[in-house]
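Some notes on the structure that comes next.
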Amino acid sequence: MTEASGTDARAIFFDGRSARRRQVTIIIGPVLEIVEEGTPLARWAWDDIRRADGHGRLRLKTLAGSNPLARLEIADPGIARIVETRCPALDRGQGRGRTRQVLGWSAAACVSIVLLALYGIPFAADRITPLVPRSVEARLGDATDRQVRALLGGEACTRPQGQAALGQMVQALIDAGLPPEDDETVVDVVVLSSDVVNAIALPGGRIYVFDGLLQKAETPDELAGVIAHEIGHVHHRDGLRMVIRAGSTSFVIGLLFGDVAGGAAMVTAADAVLSAAYSRDAETAADDFSAAAMTRLGRSPAAFGDLLVRVTGETEGHGTLLDSHPFGADRLARLTAAGTAAPGTATDGPALLSDADWQALKGICGGSSASGPPASGPERQRLKNSDKPSGS
């Protein structure tokens, strides 16, 4: 307990050099004197005294002492009030100090966020993706699909002859591209009535081919190369990985609480699918998948590159397949090399579609190449590797 006698009072003093608590007497006069058993320890000028913290008993420090860590603690409220009235600058600089501290922590937080975005989220996405159950990815894909369709506004093209030709091509690519042991990858290819020259793969296996791209393709091999590339993204789960990177916090929280289809997360997911570009590694892996599938079918992988070159020259890449699938000379060279790596086997396979089937596919959205009436509803084929006919 602090005892006061006139202008003298008891207090606790820490000299800043050790953790020792020293029972001292303070003498309130022209300066604040700190005395231990008759021995002067310090003399603090009132103008130099500052509050050490703002909570509990009065704790003081001085700006002019030999040790800036020295502290004086006064427990008696009455003496504390007397001392406070003698210190004209008791709280001077406290606000600026707190502001500097807040700014410092804010800067550190910003740096942490930047580092997390650059390194932490991609690192986490690569490791989270294989752990996500296919059923969860399918639910995420269905929810993302609704958002994508709302943003795009295009209708699914479902003319029966075109659907049959598309299913024939997709099944051939699945049989040639997916390994026999892969019975989990589900592929659902839909042509959308849109002039956009693009194709996108959603989490869960939905692939949209826009009619604008279909009309740019001059041969079945060119279109097949694109679809095989997108099947590669599905097989490697690149769409899921991209969504996790774009909205990692919302996705992880949704995964923990069973709501991966939450509104905000789905808007982020749809935006990521429509506007984000795949990484170079993801594009290379999808190109390799496409080249391998086309080669196994005896068709040229370079046809995909020919289409990309033509799209590049006609549209300069804006708003096209090139936005989400960056294309360069190295990709064309790799696709061309894949097509010539095995002479005699790259292009001597049977045609993927007959001329009639190709024209039916080109007219799937009701263009001049269409044959037959449109289907009554958006019938789609969800194809799996296990759907491969026996003996084929």
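Summary of computed values
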read-out	value
In the stretch 65-88, the residues that are β-branched (Val, Ile, Thr) and either touching a residue at least 40 places away in the same chain (Cβ under 8 Å) or not assigned by TED's automatic domain parsing to the domain that holds Asp8 (or both)	Ile74, Ile79, Ile82, Val83
Condition met for Arg241 (of a type in the set (D, E, K, R), at pLDDT below 95, surrounded by 22 or more Cβ atoms within 10 Å (Cβ to Cβ) and touching a Gly at 6+ places or on another chain (Cβ under 7 Å))	no
From Ala285, Ala264, residue being surrounded by fewer than 22 Cβ atoms within 10 Å (Cβ to Cβ), modelled with pLDDT of 85 or more and in a helix (DSSP H, G or I)	Ala285
Residue within the stretch 149-163 that is touching a residue at least 24 places away in the same chain (Cβ under 8 Å) and closer than 21 Å to Ser300 by Cβ present	no
Subset tally (residues that are acidic (Asp, Glu) and either within 26 Å of Glu184 (Cα to Cα) or part of a strand (DSSP E or B) (or both)) for the stretch 138-168	2
Count - residues of the stretch 1-24 that are among the polar types (S, T, N, Q), modelled with pLDDT under 90 and not in a loop (DSSP other than H, G, I, E, B)	1
Index of the failed condition, Ala291 passing every other in (1) closer than 16 Å to Asn198 by Cα; (2) at pLDDT 70 or above	(1)
Lone qualifier among Val132, Val136 - being at pLDDT 80 or above, among the hydrophobic types (A, V, I, L, M, F, W, C), under 16 Å from the mean Cα position of the chain (by Cα) and surrounded by 11 or more Cβ atoms within 10 Å (Cβ to Cβ)	Val132
Filtered residues of the stretch 25-40 (kept if surrounded by 15 or more Cβ atoms within 10 Å (Cβ to Cβ), part of a strand (DSSP E or B) and in contact with a strand residue (DSSP E or B) (Cβ under 6 Å, 6 or more places away or on another chain))	Thr25, Ile26, Ile27, Leu32, Glu33, Ile34, Val35
Val189, sole failed condition from (1) aliphatic (A, V, I, L, M); (2) surrounded by fewer than 22 Cβ atoms within 10 Å (Cβ to Cβ); (3) in a strand (DSSP E or B)	(2)
Those residues of the stretch 49-64 which are outside any strand (DSSP E or B), without any contact (Cβ under 8 Å) to a residue 24 or more places away in the chain and either on the phi < 0 side of the Ramachandran plot or surrounded by 14 or more Cβ atoms within 10 Å (Cβ to Cβ) (or both), in sequence order	Ala52, Asp53, His55, Arg57, Leu63, Ala64
Candidates Gly298, Gly367, Gly328 - the one that is assigned by TED's automatic domain parsing to the domain that holds Thr158 and at pLDDT 90 or above	Gly298
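The values are calculated or read from the model by the stated rules, or taken from the named source; none is laboratory data. All values derive from a computational prediction rather than experimental measurement. Here the Cβ is made from the backbone with ideal geometry for all residues, glycine too, and neighbour counts use every protein chain on show.
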